[in-house]
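Right, one structure below, let's go through it.
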Amino acid sequence: MAEQARYLKPLPHLDEENRPWWEALKRHELYLQQCRDCSAMRYYPRALCPECLSPHTDWILSNGRGKIYTFTVTYQNTAAGFREFLPYVLAYVELDEGCRMLTNIVDCAPEQVTIGLPVAVVFDDVTSEITLAKFRPAP
Amino acid sequence: MSLAGKVAIAGAYEHPTRFAPNKTMFQLMAESARGALDDAGLTINDVDGLCTTGVGMGWMGILGFCDYLNLTPNYVDSTAIGGSSFVAHTAHAAAAIAAGLCETVLIVYGSTAASQRFAIGTGGVAGGGEPCDQYELPFGPTTVGSYAMIAQRHMYDYGTTPEQLAEVAVVARQHAAMNPAAKYREPITVGDVLASRMVSSPLHLLDCCMISDGGGAVVVTSAERARDLKKKPVYLLGAGEAVRHTARGMRDFLDIAAAQSGRLAFERAGVSHSDIDLAMVYDSFTITVIVTLENLGFCQRGEGGAFIGGGRIRYDGGLPLNTDGGGLSSNHPGMRGMFLLIEAARQLRGEAGQRQVRECEVALVHGTGGNLGTRHSGATLILSNQAG
Ligand SMILES: [Zn+2]
């Protein structure tokens with residue numbers, strides 16, 4: 001609990017719709033969803049396919065690789081948990097499986113970040129309950 | 001049923017304040033309402049419809065404002081889709097008037113964002129309860145960061161330069177110099193913009209709109225009634241609205257809501273791009289103007305950076321834009337759609353003084369609400385001093 005008290009950034013609210021996805025992240029597995037009826041891929045996870053409203057879903061394990069679609073180096077954020085760690089890189093990563101997800105680029109200098117840079121997932125266990133999928137330049 | 005020419009803006013008023021620490025939000029709204037009704041030659045007793053929303057207002061704030069002004073309208077709309085809301089309200093009010101639900105609608109906004117020190121662009125993004133928030137807020141998105149990611153991708157795909165972005169801010173300041181009410185009126189150069197501190201790359205401080213206090217209101221009524229009032233009617237010719245979001249992870253982020261809302265507004269108005277004498281386009285950030293003009297179809301995608309150069313968007317250029325100085329230099333009390341409407345009305349009536357656009361007959365107003373890099377709305381209106 002001491003660890004959670006120190007972690008000031010917003011944490012996701014888990015519910016019965018999203019819990020399997022977050023529990024998989026805690027096991028260091030990043031999943032996408034695919035509609036069993038119309039094959040549409042989707043990120044973030046949700047109970048029904050937005051294209052056809054089917055409740056039948058396959059969970060697709062991502063290989064955790066992709067490239068940077070776009071990014072910004074954030075120099076100003078007044079919110080607690082972020083203002084202490086400026087600058088940081090906010091980015092959309094396009095996964096090999098096709099979905100674009102908002103994330104942070106870590107483990108590299110902000111000036112090394114470019115669009116198109118190949119990246120690989122880093123599982124950041126930010127609390128004992130929550131793991132976030134961040135990315136770093138692929139080896 | 002077409003709305004073209006059936007409804008008009010009969011009154012418009014921009015509150016002169018840019019910093020009002022001794023006034024409340026509702027007071028600024030009431031003062032703005034009085035100004036717009038005076039402008040139209042109407043009284044509060046003529047109002048039978050009300051539209052409002054706000055950054056400082058609660059979920060049911062429209063009820064609180066009805067209480068404050070002792071209003072009992074026949075039509076209310078507090079559509080809340082960000083800074084574009086008042087542009088959308090105008091279309092909704094027009095539809096309601098044309099359908100006979102009400103006759104005279106007050107659309108009003110006020111905010112003390114500056115005196116209450118709201119960090120609108122660079123604080124944590126509000127909300128947190130919706131499914132999408134769970135996958136975004138942990139990573140620290142800000143409003144400026146969301147737009148900055150659009151700018152970064154635009155530069156990567158099309159070679160748009162920081163100098164081209166800066167030009168939007170430079171022209172806004174030139175216009176503000178001709179607007180006595182504008183907050184920032186000292187000239188700036190492209191070099192000044194590039195030398196200002198980086199807030200969220202590639203956007204510098206002077207690529208970002210300000211945060212001010214302020215208020216404004218417009219009164220919308222039937223064209224028939226507007227013709228008997230004090231001021232020259234500003235007719236609504238066409239309207240459109242749209243939203244864009246993360247699209248289950250498949251979003252093309254340079255396709256923005258303006259593409260859809262703009263197409264609808266042009267089709268419904270029956271006018272073409274060459275008919276537009278003035279564009280009032282939400283300038284939350286310099287990049288917003290460039291991608292909005294592209295998506296509205298004034299130029300091809302990727303050409304926006306070059307398009308805004310060479311004086312084209314100056315008040316005396318080929319496509320005068322944001323002649324009041326915009327959110328970059330005149331005012332930005334959290335949501336700016338209201339002031340797009342007011343400046344368009346001033347220009348179409350020939351009341352814009354030194355910055356008056358010559359022979360200004362048709363204006364396009366486009367509001368963007370929310371965050372281009374996650375979820376946003378777009379609302380477009382085409383207005384004219386001719387009924388069509
Ligand atoms: Zn489906």
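The values are calculated or read from the model by the stated rules, or taken from the named source; none is laboratory data. The structure displayed is predicted, hence computed values, not measured ones. Methodologically, a virtual Cβ is constructed for each residue, glycine included, from the backbone with ideal geometry; neighbour enumeration extends over all protein chains shown.
Going through segment B:326-364 one residue at a time, which ones are more than 10 Å from the chain's Cα centre (by Cα), surrounded by 24 or more Cβ atoms within 10 Å (Cβ to Cβ), among the aliphatic types (A, V, I, L, M) and under 24 Å from B:Ala93 (Cα atoms)? Scanning segment B:326-364 gives B:Ala344, B:Ala345, B:Leu348, B:Ala363, B:Leu364.
Quick grid of which residues meet (1) at positive phi; (2) touching a helix residue (DSSP H, G or I) at 6+ places or on another chain (Cβ under 9 Å); (3) within 7 Å of another protein chain (Cβ to nearest Cβ):
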site: A:Pro12; (1), (2), (3): no, yes, yes
site: A:Glu16; (1), (2), (3): no, no, no
site: A:Leu30; (1), (2), (3): no, yes, no
site: A:Gln33; (1), (2), (3): no, yes, no
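Sort out for me the helices (runs of 4 or more DSSP H) sitting completely within segment B:209-312 that have 2 or more residues that are assigned by TED's automatic domain parsing to the domain that holds B:Met155. Once the helices (runs of 4 or more DSSP H) in segment B:209-312 are filtered for at least 2 residues that are assigned by TED's automatic domain parsing to the domain that holds B:Met155, what remains is B:257-269, B:286-296, B:304-307. Which of the residues that make up segment B:97-119 are more than 8 Å from chain A (Cβ to nearest Cβ) and surrounded by fewer than 22 Cβ atoms within 10 Å (Cβ to Cβ)? Of everything in segment B:97-119, those that are more than 8 Å from chain A (Cβ to nearest Cβ) and surrounded by fewer than 22 Cβ atoms within 10 Å (Cβ to Cβ) turn out to be B:Ala98, B:Ala99, B:Gly100, B:Leu101, B:Cys102, B:Glu103, B:Ser115, B:Gln116, B:Arg117, B:Phe118.
Scanning segment A:33-59 for residues that are in a loop (DSSP other than H, G, I, E, B) and either touching a residue at least 24 places away in the same chain (Cβ under 8 Å) or more than 10 Å from the ligand (Cβ to nearest atom) (or both) returns A:Tyr43, A:Tyr44, A:Pro45, A:Arg46, A:Ala47.
The listed residues are B:Gly128, B:Gly58, and the only one of them that is surrounded by fewer than 24 Cβ atoms within 10 Å (Cβ to Cβ), in a loop (DSSP other than H, G, I, E, B) and within 14 Å of another protein chain (Cβ to nearest Cβ) turns out to be B:Gly128. Given the structure, is B:Ala258 over 22 Å from B:Thr246 (Cα atoms) and modelled with pLDDT of 95 or more? Judged against the criteria, B:Ala258 is not a match. Considering segment A:82-109, and only residues there that are surrounded by fewer than 20 Cβ atoms within 10 Å (Cβ to Cβ) and facing chain B (nearest Cβ under 8 Å), the residue that is nearest to A:Glu29 (Cα to Cα) turns out to be A:Gly98. Listed by first and then second residue, the pairs with beta-carbon distance under 8 Å, at least 6 apart or on different chains, first residue in segment B:192-206 and facing chain A (nearest Cβ under 8 Å), second acidic (Asp, Glu) and buried (at least 17 other Cβ atoms within 10 Å of the Cβ), are B:Val199/B:Asp207.
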